[in-house]
Amino acid sequence: MIDHKIIFFGPVGAGKSTAIRSVSDIDCINTDVNTSDSTSKRKQTTTVAMDYGYFTSSFNQRIHLYGTPGQERFRFMWEMITTDLAADSCGLILLLDNSRNYPRQDLETYIQLFRNLNSSKQLIIAVTCSDLKASPVAADYQGWLIEMEIEAPVYFIDARDQQDVLFLVDELLNTPATT
């Protein structure tokens with residue numbers, strides 16, 4: 001059996017835990033706790049260390065999925081997950097919540113932080129919650145990436161939809177790594 005690792009990262013509430021749960025063959029291992037700050041306006045629990053799940057593909061590949069916490073106060077976990085735990089990962093999926101106040105700022109912040117930690121990995125941008133707020137659109141995200149000199153595809157997905165998440169995983173597994 002071939003093993004692959006994929007890292008989900010992004011701001012709090014973007015759907016990282018949900019995406020992993022939607023495809024995992026096991027009950028996800030998570031470190032969710034009740035929110036105690038302004039996050040409680042968006043959701044009841046938040047990840048404080050990481051999420052983990054996996055599934056086995058029809059090609060006899062085990063895909064290990066790791067989700068980082070979204071809040072910057074847990075940055076120490078970002079560094080551990082992206083540099084140590086998943087140094088041999090096949091890629092990163094940045095989930096962004098389109099309904100947040102400043103999606104461009106989220107994009108810039110999380111790309112800067114995570115690309116500095118591991119710039120050699122494939123990157124996919126997955127935008128959630130476009131059903132709640134239609135703008136910005138894909139062209140906006142693509143323009144921002146061009147300004148940042150980042151090459152990454154942008155997809156609008158529903159993190160609850162297993163097929164949407166499997167599509168992202170398939171895109172990472174079938175895209176050659178750039179170094």
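The values are calculated or read from the model by the stated rules, or taken from the named source; none is laboratory data. As the structure is a prediction and not an experimental result, all values here were calculated from the model. Cβ: placed from backbone, ideal geometry, glycine included. Neighbour counts: every protein chain shown. Note: accessible area is taken over every heavy atom of the protein model, side chains too, but ligands, DNA and RNA are not part of it. Shrake-Rupley method; radii C 1.70, N 1.55, O 1.52, S 1.80 Å.
Brief remarks on what is shown
- By accessible area, using a 1.4 Å probe on protein heavy atoms only, region 58-155 has 48% of its surface on carbon and sulfur.
- Cα gyration tensor shape for region 46-179, rounded if a/c is under 1.5, else prolate or oblate: rounded
- Three-way shape label, region 78-150, alpha-carbon gyration tensor, a/c 1.5: prolate
- Each of the peptides 5-18, 142-155 was scored by the mean count of other Cβ atoms within 10 Å over its residues; in descending order, highest first, they stand as 5-18, 142-155.
- Straight-distance candidates among the aspartates and glutamates for linking to residue 133, with alpha-carbon spacing under 19 Å and chain neighbours fewer than 8 residues away dropped: 97, 106, 158, 161, 164.
- Put simply, when 122-130, 67-75, 158-166 are sorted by average Cβ atoms within 10 angstrom per residue, most first, you get 122-130, 67-75, 158-166.
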